[in-house]
Amino acid sequence: MKPHPVLSQHYRSPEDKQKYLRRVFDRSAPHYEQIVRWGSFGSGSWYRRTALQRAGLKPGMRTLDVATGTGTTAREIIALLGGSDGLICIDPSAGMLKIARESLGAVCVRGEADRLPVHDNLFDMVTMGFALRHVETLEQAFGEYHRVLKPGGKTLILEVTKPKGAVSGWFARWYFGCVLPWLTRRLTANRDSVELVEYYWDTIDQMVPPDDVMAAMRNAGFQNVTHRVVLGCFSEYEGTKPPSV
């Protein structure tokens, strides 16, 4: 199952999606951190850290952060682990990874969620912060997360979900679809960054519903799959790889 249909205003076919994403993320990388800060009203770090705590991240847990970007989630992982030892960060964008390597002090590897360049049964936790909409298929990505987790390991996936209410849905469309692109245009003067935030809203708007995400996690072999909504639009998906029998 694809996370959303083809968005023809951004790319022409499913085969073009990853090439398109590499281009806009590479070119937007220098501006990405400030977009995240004003896009979340400065609360992004606090929210990521509390979500990781809710999922049970603790010192000593070997962790894989998928689609790490410039390191917005990885920095909170490092804070909770007490250091970067045991953390591996993966992202397909060379531009994003360059910034992550300079700021994190962690191992950063170029790779895709659907084809993780790591061995089986290595990690206590696999995380992904606000990038599930960018994978090729949910089943392939979740299958990879299941493969690289140790028996009993957990995955935590953070995502933005369009609110269901009429008023909250209108506000989300207005803010993510209009205000954030306008701010990005004024504050960065970077066309690719504007295109990226416009693409963000289109993927949020067209994302498959949470029940489908949870079903794909179960189909990949995860147990105890849960979906928690925070502040009306932030989704936290968790699942556990069954322990060895």
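Odds and ends about this structure:
- Residue satisfying condition, being over 18 Å from GLY44 (Cα atoms) and within 18 Å of the chain's Cα centre (by Cα), within set LEU122, LEU116, LEU104: LEU116
- Pairs are defined by a Cβ separation below 8 Å, a sequence spacing of at least 6 or placement on different chains, a first member in region 30-54 that is over 18 Å from ALA189 (Cβ atoms) and modelled with pLDDT under 90, and a second member that is assigned to a helix (DSSP H, G or I) and of a type in the set (A, V, I, L, M, F, W, C); the pairs so defined are GLY44/VAL36.
- Filtering region 1-28 to residues that are out of contact with any Leu (no Cβ under 8 Å at 6 or more places or on another chain) and basic (Lys, Arg) leaves ARG12, LYS17, LYS19, ARG22, ARG23, ARG27.
- Test for ALA79: is it among the small types (Gly, Ala, Ser), within 25 Å of PHE234 (Cα to Cα) and within 17 Å of the chain's Cα centre (by Cα): no
- Check on ARG191, more than 15 Å from the chain's Cα centre (by Cα) and either surrounded by fewer than 13 Cβ atoms within 10 Å (Cβ to Cβ) or over 20 Å from ARG37 (Cα atoms) (or both): no
- Subset of region 177-195 [without any contact (Cβ under 8 Å) to a residue 40 or more places away in the chain and assigned to a helix (DSSP H, G or I)]: GLY177, CYS178, VAL179, PRO181, TRP182, ARG185, ARG186, ARG191, VAL194
- Candidates in region 77-104 are the residues that are acidic (Asp, Glu) and not in a loop (DSSP other than H, G, I, E, B); of these, the one that is nearest to ALA55 (Cα to Cα) is ASP91.
- Considering only residues in region 196-245 that are touching a residue at least 24 places away in the same chain (Cβ under 8 Å), assigned to a strand (DSSP E or B) and not small (Gly, Ala, Ser), the one that is farthest from SER8 (Cα to Cα) turns out to be THR240.
- The requirement of being charged (D, E, K, R) and either surrounded by 16 or more Cβ atoms within 10 Å (Cβ to Cβ) or not in a helix (DSSP H, G or I) (or both) is not satisfied by ARG37.
- On the stretch given as region 84-119, residues that are among the acidic types (Asp, Glu) and either more than 25 Å from THR137 (Cβ to Cβ) or in contact with a Cys (Cβ under 8 Å, 6 or more places away or on another chain) (or both) total 3.
The values are calculated or read from the model by the stated rules, or taken from the named source; none is laboratory data. Fair warning: this is a prediction, and the values are worked out from it, not measured in the lab. In this analysis, Cβ positions are derived from the backbone assuming ideal geometry, glycine residues included, and neighbour counts consider all displayed protein chains.
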